[in-house]
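**Q** One structure is given below, represented as structure tokens, and several questions about it will come after.
The values are calculated or read from the model by the stated rules, or taken from the named source; none is laboratory data. Quick caveat: nothing in here was measured; it's all calculated off a predicted structure. Here the Cβ is made from the backbone with ideal geometry for all residues, glycine too, and neighbour counts use every protein chain on show.
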Amino acid sequence: MRPYCAAIRRAYFLAMVEFTLALGDPAATAQFGRALAARLRAGDVVALSGPLGAGKTTLARAIIGELTTASEAPSPTFTLVETYEAKDFALHHFDLYRLEKADDVFELGYEDALDGVCLIEWPERIERLLPADTLVIRLAMDGAARRALVRGAGDWRQRLAGLNPA
Ligand SMILES: Nc1ncnc2c1ncn2[C@@H]1O[C@H](COP(=O)(O)OP(=O)(O)OP(=O)(O)O)[C@@H](O)[C@H]1O
Ligand SMILES: [Mg+2]
């Protein structure tokens with residue numbers, strides 16, 4: 001790795017924010033989504049990670065509901081991406097579970113989508129194509145409830161202030 005790359009990586013690491021949220025029920029997941037929505041701006045990528053049924057779509061729908069007038073947000077299980085118009089940017093909801101290889105995401109308009117806001121379920125499918133300052137939300141089962149591990153580099157520490165329980 002070239003030295004300046006290491007320096008940039010180190011700077012990102014130092015600026016990293018990481019915390020866990022307990023999400024007791026679907027309403028808590030939706031509330032977290034709405035709080036997150038208020039903090040999003042053009043150019044953001046939010047990776048929604050976690051096993052089947054962890055609440056990724058629930059979180060995405062809450063964000064979409066908060067930022068758009070869409071009366072319903074169909075899960076992009078088969079279309080792989082659904083796009084909405086928010087006030088200040090295009091909001092793209094990807095579900096890449098069925099993506100066969102990473103580069104196929106460009107056929108879904110990924111490059112242009114990065115100008116808006118991208119919410120990405122199954123982000124592991126395009127791991128190497130995610131920006132360095134992607135906000136990663138890892139949802140996990142916690143009995144009947146859920147837990148969210150939230151991790152972001154760059155200025156996410158400041159932007160998530162108020163959400164971090166620490
Ligand atoms: N905090 C929570 N506690 C308990 N159940 C929850 C919570 N958040 C969401 N759920 C429920 O989990 C179920 C699955 O949610 P959802 O479809 O959002 O998961 P997903 O991660 O998108 O699944 P998939 O991998 O199949 O796309 C739904 O019934 C939803 O209401
Ligand atoms: Mg889903």
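**Q** Do we have any residue at all in the stretch 106-115 that's under 24 Å from GLY50 (Cβ atoms) and within 14 Å of ligand 1 (Cβ to nearest atom)?
**A** no
**Q** Out of the stretch 65-97, which residues are surrounded by fewer than 20 Cβ atoms within 10 Å (Cβ to Cβ), within 16 Å of ligand 2 (Cβ to nearest atom) and under 21 Å from PRO26 (Cα atoms)?
**A** GLY65, GLU72, ALA73, PRO74, SER75, THR77
**Q** Quickly run through the stretch 98-141 and pick out the residues that are loosely packed, with under 15 Cβ neighbours inside 10 Å and either part of a helix (DSSP H, G or I) or under 15 Å from the mean Cα position of the chain (by Cα) (or both).
**A** Selection gives ASP103, PHE106, GLU107, GLU111, ASP112, ASP115, GLU124, GLU127, ARG128, PRO131, ALA132.
**Q** From the residues in the stretch 65-97 that are small (Gly, Ala, Ser), under 23 Å from LEU139 (Cβ atoms) and part of a loop (DSSP other than H, G, I, E, B), which one is modelled with the highest pLDDT?
**A** So the residue we want is ALA86.
**Q** Of these, LEU59, LEU36, LEU52, which one is among the aliphatic types (A, V, I, L, M) and not in a helix (DSSP H, G or I)?
**A** LEU52
**Q** How many of the residues making up the stretch 77-99 are more than 16 Å from VAL46 (Cα to Cα) and more than 16 Å from ligand 1 (Cβ to nearest atom)?
**A** Of the residues in that region, 3 qualify.
**Q** Another question, if that's okay. Which of (1) out of contact with any Lys or Arg (no Cβ under 8 Å at 6 or more places or on another chain); (2) β-branched (Val, Ile, Thr); (3) under 23 Å from PHE78 (Cα atoms) is the odd one out, the single condition VAL117 does not satisfy?
**A** (1)
**Q** Would it be correct to say that TRP156 is under 15 Å from the mean Cα position of the chain (by Cα), closer than 19 Å to LEU96 by Cβ, among the aromatic types (Phe, Trp, Tyr) and buried (at least 17 other Cβ atoms within 10 Å of the Cβ)?
**A** no
**Q** Sort through ALA62, ALA35, ALA27, ALA102 and tell me the only one that's out of contact with any strand residue (DSSP E or B) (no Cβ under 9 Å at 6 or more places or on another chain), within 16 Å of ligand 1 (Cβ to nearest atom), modelled with pLDDT of 95 or more and farther than 21 Å from ASP142 by Cα.
**A** Going through ALA62, ALA35, ALA27, ALA102 in turn, the sole match is ALA35.
**Q** Kindly check whether there is at least one residue in the stretch 65-76 that is free of Cβ contacts under 8 Å to residues at least 60 places away in the same chain, within 21 Å of GLU127 (Cβ to Cβ) and within 16 Å of ligand 1 (Cβ to nearest atom).
**A** Yes, the conditions are met somewhere in the stretch 65-76.
**Q** Kindly evaluate VAL45 against the criterion of being away from ligand 2 (no atom under 16 Å from the Cβ), within 22 Å of ARG157 (Cβ to Cβ) and among the β-branched types (Val, Ile, Thr).
**A** yes
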